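The values are calculated or read from the model by the stated rules, or taken from the named source; none is laboratory data. Keep in mind that what you see is a predicted model, and the values were worked out from it rather than measured. For neighbour counting, all protein chains shown are included, and Cβ atoms are generated from backbone atoms with ideal geometry for every residue, glycine included.
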Amino acid sequence: MSIRIALADDQALVREGLKALIRELDGIDVVIEAESGEAVLQALADTAIDLILSDIRMPGIDGIALTRKLAETHPDLPVLLLTTFDEDALMLEAAEAGARGFLLKDVSPEELESAIHDVAAGKRLMQPVATESVRRNFRYTDNSPTIEQFTGREIQILRLLAGGYSNKEIARSIHLAEGTVKNYVSDILDKLDTRDRTRAVLKAITLKII
């Protein structure tokens, strides 16, 4: 079955360009087209979708506000945000709001297709987040953990988490049982005093653990 997506961007030319590109992709259909977050939310009342592809910057309910609202009303619906190179701070705010990933607006068709399939399957795409911007925008107390408190294996897994890998993919790539990886991830979250993987990655980058 095709992945049904909502496409949101306030610039009509950008929407048309993306829609034309997506028509050429395998197994992906645009079933909602909107110029704002408000329009997406209204359309969701009548149309079931698998993923939202939205610009970060839009008038009214922008991509970040849309992500926050969906976290309350449709917590299992993934949001993939479109961004530019100079929007690191917004990207960090969006990650905190619950966005599953980010795509640069000059993304290639192959990258777009892969990202949509991956995020729809439950993966996260954190790669565009610049580490120096993370460190500037997030500060933690002096009693935060240091790199010395993490084993080499934990740091290796943290780096894979930052790349958006699932437990299953991590297990396959470093030749461990998936249950063992799950235990490692749980220990990492405990050490970083965070409740989810995205916050763990952001904090680990800030503290220069990865």
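Against the condition assigned by TED's automatic domain parsing to the domain that holds ALA121 and either part of a loop (DSSP other than H, G, I, E, B) or among the β-branched types (Val, Ile, Thr) (or both), how does ASP76 come out, does it pass? So ASP76 fits the description; yes.
What are the residues in the stretch 141-167 that are at pLDDT 80 or above, among the small types (Gly, Ala, Ser) and under 25 Å from the mean Cα position of the chain (by Cα), if any? Residue satisfying the conditions is SER166 alone. With the condition kept exactly as written, say whether any residue in the stretch 146-163 is more than 18 Å from ALA204 (Cα to Cα), in contact with a helix residue (DSSP H, G or I) (Cβ under 6 Å, 6 or more places away or on another chain) and not polar (S, T, N, Q). Among the residues of the stretch 146-163, not one is more than 18 Å from ALA204 (Cα to Cα), in contact with a helix residue (DSSP H, G or I) (Cβ under 6 Å, 6 or more places away or on another chain) and not polar (S, T, N, Q), which makes the answer no.
So that you can scan it fast, the table gives a plain yes or no per residue for (1) in contact with a helix residue (DSSP H, G or I) (Cβ under 8 Å, 6 or more places away or on another chain); (2) surrounded by 15 or more Cβ atoms within 10 Å (Cβ to Cβ):
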{"site": "GLU16", "(1), (2)": "no, no"}
{"site": "LYS19", "(1), (2)": "no, no"}
{"site": "GLY37", "(1), (2)": "yes, yes"}
{"site": "VAL40", "(1), (2)": "yes, yes"}
{"site": "ALA45", "(1), (2)": "no, no"}
{"site": "ILE49", "(1), (2)": "no, yes"}
{"site": "ARG57", "(1), (2)": "yes, yes"}
{"site": "ARG68", "(1), (2)": "yes, yes"}
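Just one of the listed residues (SER186, SER173) is outside any loop (DSSP other than H, G, I, E, B), polar (S, T, N, Q) and modelled with pLDDT of 85 or more, namely SER186.
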